[in-house]
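Here's the structure, in structure tokens; my notes come after.
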Amino acid sequence: MKKRLALIVLAIVVIIVAILYWREYRTYDGPVQKVTASKEQIERGSYLAKAADCAACHTASGGAPLAGGYPLESPYGTIYGSNLTPSADYGIGRWTKDDFYKALTEGVTPTGRHLFPAMPYTSYKNISRQDSDDIYAYLMTRPAVDVATPDNEMAFPFNQRIALIGWNIMFHDKDPLPAISTGNSADWHRGCYLADVLGHCGECHTERGLLGQMKLDKAMQGGELGRFMAPDITPKALAQRGWTPEDVKQFLSTGFAPQGSAFSEMHMVVDLSTQHLTAADQKAMATYLMGEAPPAAVPAPLGQGNEAGRMTYLDQCAGCHAREGEGKPHVAVSMLNNATLRQPDAKNLIVSVLDGLPAQNFPNGESMQSMPGFGERLNDEQVAELVNYLRVTWGGLPGDVTAEQVKALRVEK
């Protein structure tokens, strides 16, 4: 009797698992949707899609807008952004607005397939239904692009979407993300919605746990982002690096501020998202990020860096950044008040010195020329001396970066 019962239980488990796997991998064959929307709704949807930074992950380099294929590198493998155009076979052309809202807020497609949380439904979970419907209307009135999304490149067991059922039980709920500042004005609440929900800032600026979940007790306190660190953007940390609400608003609008220029992933955010926000929404985000009673910006205490590092700076860096760190417009940022030099973790500075930075264009015709990498010109000890010189002289930080830290961040070519 016990053996028979065990076989029945086993059969039921096998059937349930089979059904779950079928839901994850079956092709959706719902009817093609015909969406009629007003010009005003489409315009609102276009604006909200920019605020949500959809294009960043859903447009491949050189590809059609929103047609997918952008590679997202993660510790678990490469995940490709999906096709968001109304293509019936490769995009969301068969999705209803209810399907779209469920994908945004629950991370589940019309077939029951679970999306990897590289798609930030853990932040979008609190999007308003009206905003979701407006974005849907905008996407469904774009040109359909019949391009298949590349298969994800993830090793077992991380490629098993069925495991996301358990992940969502542990890490996904409808509770709002913890606020990083205090306030109660309309600006503060709007900024909170833009930063925590639509802009999903915490997805990059929050440390991740072993299973890829955001550590919400460290919300916005900085996180790993490939070769770089997404810095701590809580009010105290921003003020400690010299930021004011006006500086933050300017940075979101132009990619420039007295603290430097946007680079790496943040340049893409400014280019595709925040520069397109209204001045009122940029101000609201700055109000939330700094708080309604923002802490006073701390001036950078100037120090006296090591002589070896100074000689390297004069030989390798001063031609662009100027002898006393003043910088040159459209060429190189100033070292004075530079926020990267004031980050407690020196990773971004070390990687910038080793790898260099590409030329970048900014709003209003602004640009910055490329910065060459010095990884092949300078050895580990020289890079450490240079980084320490910069951090002590203009960052007001200890000169404690070691050659071993530099060596660990080198990429073999």
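The values are calculated or read from the model by the stated rules, or taken from the named source; none is laboratory data. The shown structure was predicted, so the numbers you read here are calculated from the model rather than taken from an experiment. Because the Cβ atoms are built from the backbone with ideal geometry, glycine has one as well, and the counts that use them run over all protein chains shown.
Tabulated data for the structure shown
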item: T149 in contact (Cβ under 8 Å) with a residue 60 or more places away in the chain, surrounded by 13 or more Cβ atoms within 10 Å (Cβ to Cβ) and not hydrophobic (A, V, I, L, M, F, W, C); result: yes
item: Residues satisfying the stated conditions in the range 35-78, i.e. surrounded by 16 or more Cβ atoms within 10 Å (Cβ to Cβ), at pLDDT below 95 and within 15 Å of the chain's Cα centre (by Cα); result: L72, S74
item: Residue selected from the range 174-191 under the condition under 18 Å from S132 (Cβ atoms) and either β-branched (V, I, T) or surrounded by 15 or more Cβ atoms within 10 Å (Cβ to Cβ) (or both), by the criterion modelled with the lowest pLDDT; result: L177
item: Number of the exception - W167 against (1) surrounded by 16 or more Cβ atoms within 10 Å (Cβ to Cβ); (2) in contact (Cβ under 8 Å) with a residue 60 or more places away in the chain; result: (2)
item: Residue in the range 320-370 that is surrounded by the fewest Cβ atoms within 10 Å (Cβ to Cβ), counting only those that are charged (D, E, K, R) and either in a helix (DSSP H, G or I) or assigned by TED's automatic domain parsing to the domain that holds S273 (or both); result: K347
item: Check on K236, in contact with a Lys or Arg (Cβ under 6 Å, 6 or more places away or on another chain) and under 30 Å from R190 (Cα atoms); result: no
item: Selection status of R391, more than 30 Å from L252 (Cβ to Cβ), crowded, with 17+ Cβ neighbours inside 10 Å, more than 23 Å from the chain's Cα centre (by Cα) and modelled with pLDDT of 95 or more; result: no
item: Filtered residue count, the range 209-227, keeping only those that are at pLDDT 95 or above and either over 16 Å from L349 (Cβ atoms) or surrounded by fewer than 18 Cβ atoms within 10 Å (Cβ to Cβ) (or both); result: 11
item: Pick from the range 274-295, criterion buried (at least 21 other Cβ atoms within 10 Å of the Cβ) and hydroxyl-bearing (S, T, Y), ranking: nearest to V333 (Cα to Cα); result: T274
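Here is a yes/no grid of residues against (1) closer than 21 Å to T59 by Cβ; (2) out of contact with any Phe, Trp or Tyr (no Cβ under 6 Å at 6 or more places or on another chain):
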residue	(1), (2)
Q221	no, yes
R227	no, yes
D232	no, yes
K236	no, yes
W243	no, yes
A257	no, no
T274	yes, yes
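Residue-wise test of (1) under 21 Å from the mean Cα position of the chain (by Cα); (2) of a type in the set (A, V, I, L, M).
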site	(1), (2)
Q160	no, no
I180	yes, yes
A186	no, yes
L194	yes, yes
